[in-house]
Every structure is written in C-alpha cells, then in structure tokens.
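The values are calculated or read from the model by the stated rules, or taken from the named source; none is laboratory data. Everything numeric here is computed off the predicted structure, so don't read it as measured data. Glycine gets a Cβ as well: all are built from the backbone with ideal geometry, and neighbour counts include every protein chain shown.
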C-alpha cells in the first residue's frame, strides 16, 4: 500500500455457504463489514474491531482472501484488504443504525444479481470471483 491511499480492512463473514454484507444508507451501497485501519493497527486487528463496532459480534480471521486498489464514491484512493472471517459467538445485528439499515446473508447467485442490479461498492465487485469461490 502506498501512503497516498487510505487503508481499509474488510471482513467476508461466511456461514452456511453465504456471506454477510451490509446495506449502507448514504450513499445507498452494499458494503462488506470493515473500515479504516487506524495508526499502529494491523489489518487483521482493524477487521475484528470494525465487526464488533458495526454488527456487535466477535469474529476470527481465517485467512487473507485478496487485496485491491479502488476509489471511494467521493474519489478518495483506497487500498482494501479482504479477510475471510467466522463469527465466534452471538448473532450479528446492526450496531450503527444511523449508518446501516440491513444485514444481508447472500449466496453466490445473489451476489451476481447485486453486482449488476444494485449499488455494490467497487471493491466487492472487483473481488466477486474470489468471494464466490469461498462460498462453494
């Protein structure tokens, strides 16, 4: 990652051949769980922290899935790391209702429809094949 890009860590939470995503209110987008990597924080730590903040459950990082560079909706250059994660305990629920309005458990087929018919963030679309492969 170059210093000119904002580092993001994203969780691909998998259960029963489905991935858990969020629907963000503004701008309306389908997004993975995750967010900014804080100073002094590893990507893995950031993704665990963000899942607790966003959906109220602890997760375990299984492996790094992929990385990509993209742009935010406002044009900010991003470097995105994606991690396959499993929920350790509890059931996810929206912890930030001012930001998110839906939890979405999606199969591989449903992901294809979202990528073409809904506003899915570019970083998810760019890594859709890798994400769908882990759902098999």
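Applying the selection to segment 58-78, what residues are crowded, with 17+ Cβ neighbours inside 10 Å and more than 19 Å from residue 42 (Cα to Cα)? The answer is 70, and nothing else. Answer with yes or no whether residue 81 is assigned to a strand (DSSP E or B) and either without any contact (Cβ under 8 Å) to a residue 12 or more places away in the chain or surrounded by 15 or more Cβ atoms within 10 Å (Cβ to Cβ) (or both). Answer is yes for this residue.
In segment 90-103 there is at least one residue matching the filter, namely being touching a helix residue (DSSP H, G or I) at 6+ places or on another chain (Cβ under 9 Å), modelled with pLDDT of 95 or more and not in a loop (DSSP other than H, G, I, E, B).
Only residues that are in contact with a helix residue (DSSP H, G or I) (Cβ under 9 Å, 6 or more places away or on another chain), part of a helix (DSSP H, G or I) and within 19 Å of residue 71 (Cα to Cα) were counted across segment 117-134, and they come to 3.
For residue 112, the test of being under 21 Å from residue 18 (Cα atoms), assigned to a helix (DSSP H, G or I), in contact with a helix residue (DSSP H, G or I) (Cβ under 8 Å, 6 or more places away or on another chain) and touching a residue at least 12 places away in the same chain (Cβ under 8 Å) is passed.
Within the option set 87, 55, being closer than 24 Å to residue 129 by Cα and surrounded by 12 or more Cβ atoms within 10 Å (Cβ to Cβ) holds for one residue only, 87. Out of segment 8-37, which residues are over 23 Å from residue 119 (Cβ atoms), touching a helix residue (DSSP H, G or I) at 6+ places or on another chain (Cβ under 9 Å) and either modelled with pLDDT under 95 or surrounded by fewer than 13 Cβ atoms within 10 Å (Cβ to Cβ) (or both)? Correct list: 17 only.
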